[in-house]
Amino acid sequence: MKKILLLLIAALFLLSGALYSVGSDKQVDDEYDEDTYGPEDPIIWTMPVKSVVFEHKVHTMGAELECDSCHDDLFEMEAGVAEENEDFTMATLYDGGYCGSCHDGSTAFASNTRCTACHIGVRGHARLQGEDESAEAHH
């Protein structure tokens, strides 16, 4: 009986150590490294429409994409460059450019579906910027 009790205690001790180790790994995984995963702050595009939010974390940590999956073929590494391009339009996305390269309905949800997954609109932009959204909504 004592042997069984000692074995149970030893098993619980080993199990608690394994669980602590898993918990510790989780804590390390939760640390965000911008060099690995891209900027932590979202990119907010206001062109061609106001506004679209892009989160690197969703794509790098969530979808497990590497930076070179998009940079520099689809997007320049420098923030804001895509917005300045004349072809940065929804039509281009629908034709497979920019986000549409993956958001084609096969690799990821299509650019012409689930609009609010990316588009937050004028009011959403105002909330993100801490602005009075009622003032901007009337323009």
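The values are calculated or read from the model by the stated rules, or taken from the named source; none is laboratory data. Treat the numbers as computed from the prediction; the structure is a model and nothing was measured. Cβ coordinates were reconstructed from backbone atoms using ideal geometry, including for glycine residues, and neighbour counts include every protein chain displayed.
Taking the condition hydroxyl-bearing (Ser, Thr, Tyr), surrounded by 13 or more Cβ atoms within 10 Å (Cβ to Cβ) and not in a helix (DSSP H, G or I), does SER111 pass? The answer is yes for SER111. Is it the case that ALA137 is of a type outside the set (D, E, K, R) and modelled with pLDDT under 90? Criteria met by ALA137.
From the set of residues in the stretch 56-96 that are within 24 Å of TYR37 (Cβ to Cβ) and of a type in the set (Gly, Ala, Ser), which is nearest to the chain's Cα centre (by Cα)? It comes out as GLY62. Entry remark, the stretch 71-94: residues being of a type outside the set (A, V, I, L, M, F, W, C) and not in a loop (DSSP other than H, G, I, E, B) number 5 in total. Among the residues of the stretch 43-64 satisfying the criterion of being touching a residue at least 24 places away in the same chain (Cβ under 8 Å) and part of a loop (DSSP other than H, G, I, E, B), which is farthest from HIS119 (Cα to Cα)? By that ranking, first place goes to ALA63.
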